[in-house]
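Peer 1: The following block contains the structure, expressed as structure tokens.
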Amino acid sequence: NAGVMQNPRHLVRRRGQEARLRCSPMKGHSHVYWYRQLPEEGLKFMVYLQKENIIDESGMPKERFSAEFPKEGPSILRIQQVVRGDSAAYFCASSSPGEKLFFGSGTQLSVL
Amino acid sequence: QQQVKQSPQSLIVQKGGISIINCAYENTAFDYFPWYQQFPGKGPALLIAIRPDVSEKKEGRFTISFNKSAKQFSLHIMDSQPGDSATYFCAPSINPGNTGKLIFGQGTTLQVKP
């Protein structure tokens, strides 16, 4: 069991570019969550998805951010027109219904 | 809006000592009280968790103490080891099994000196 896989581990973008972060949940998990961690802070919930559905996006910024979890393939967190304030570690977690969350190792996004 | 407050921010303990980290919360609807452990470059991993119907839970060297009336819960690490050096987060929540929505504290960086 490979665990929750995130890639890339590190992503560097210039201001105005797009960032795509990928997350493959643990085998058998149908729920995916994205969290953001700013330096010296705890993780902040962004969005909760099930296959082809966004269940709760209350933590997502209203603009430039979107997430999907298609029927086939990994979950994608997409950030358009990145700004310096988007620099953070983005963590994906997955779970089975009603079970505890398992986190990936994160993607460190740096915006130049 | 600060729903969860951890203390201390950092902690240095000698090997073999007891590490104690506290978490205070505001939302009385929380019904799940976990502690997560995070090593540098890794995601957080669930260490131990408690439900509000018990006041204490022990797993090996790790114990959660829960005080519902004070809206606080704490993590105690007995016989602390250098391998315990990590950042610890409390993350209380409401029915996380259905929402996955954890409210993380700011974190406590623990250093255990050999």
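Laboratory data are not the source of any read-out in this text; all were calculated from the coordinates shown. Because the structure is predicted, anything quoted here is derived from the model rather than measured. Here the Cβ is made from the backbone with ideal geometry for all residues, glycine too, and neighbour counts use every protein chain on show.
Peer 1: Using beta carbons and a limit of 7 Å, which pairs, at least six apart or on different chains, have the first residue in region B:8-29 and at positive phi and the second one part of a loop (DSSP other than H, G, I, E, B)?
Peer 2: Within 7 Å, the pairs are B:Gly16/B:Asp79; B:Gly16/B:Ser80.
Peer 1: Then there is this: Can you name the condition, by its number, that B:Pro34 falls short on among (1) closer than 28 Å to A:Gly106 by Cα; (2) of a type outside the set (A, V, I, L, M, F, W, C); (3) touching a residue at least 40 places away in the same chain (Cβ under 8 Å); (4) assigned to a loop (DSSP other than H, G, I, E, B)?
Peer 2: (4)
Peer 1: Also, quick follow-up: Restricting to region A:77-112, name every residue that is among the aliphatic types (A, V, I, L, M) and buried (at least 16 other Cβ atoms within 10 Å of the Cβ).
Peer 2: A:Leu77, A:Ile79, A:Val82, A:Ala88, A:Ala89, A:Ala93, A:Leu101, A:Leu109, A:Val111 - these are the residues of region A:77-112 that are among the aliphatic types (A, V, I, L, M) and buried (at least 16 other Cβ atoms within 10 Å of the Cβ).
Peer 1: Here's a follow-up. Restricting region A:38-61 to residues that are touching a strand residue (DSSP E or B) at 6+ places or on another chain (Cβ under 6 Å), of a type outside the set (A, V, I, L, M, F, W, C) and over 29 Å from B:Pro8 (Cα atoms), which is surrounded by the fewest Cβ atoms within 10 Å (Cβ to Cβ)?
Peer 2: The qualifying residue surrounded by the fewest Cβ atoms within 10 Å (Cβ to Cβ) is A:Gln50.
Peer 1: For region A:89-101, does any single residue satisfy the condition of being in contact (Cβ under 8 Å) with a residue 24 or more places away in the chain and on the phi > 0 side of the Ramachandran plot? So that I can check it myself, show each step before the final result.
Peer 2: Pass one, region A:89-101, residues in contact (Cβ under 8 Å) with a residue 24 or more places away in the chain: A:89-97, A:101.
Within this subset, residues satisfying the condition of being on the phi > 0 side of the Ramachandran plot are none.
No, region A:89-101 has no match at all.
Peer 1: Restricting attention to region B:46-102, and to residues there that are closer than 25 Å to A:Gly104 by Cα and in contact with a Cys (Cβ under 8 Å, 6 or more places away or on another chain), which single residue is farthest from the other protein chains (Cβ to nearest Cβ)?
Peer 2: My answer is B:Leu75.
Peer 1: Within region A:98-112, which residues are in a strand (DSSP E or B), out of contact with any helix residue (DSSP H, G or I) (no Cβ under 8 Å at 6 or more places or on another chain) and under 27 Å from A:Gly16 (Cα atoms)?
Peer 2: If the condition is that a residue be in a strand (DSSP E or B), out of contact with any helix residue (DSSP H, G or I) (no Cβ under 8 Å at 6 or more places or on another chain) and under 27 Å from A:Gly16 (Cα atoms), then A:Thr107, A:Gln108, A:Ser110 are the ones that fit.
Peer 1: Given the conditions (1) part of a strand (DSSP E or B); (2) closer than 28 Å to A:Met5 by Cα, which single one is not true for B:Gly41?
Peer 2: (1)
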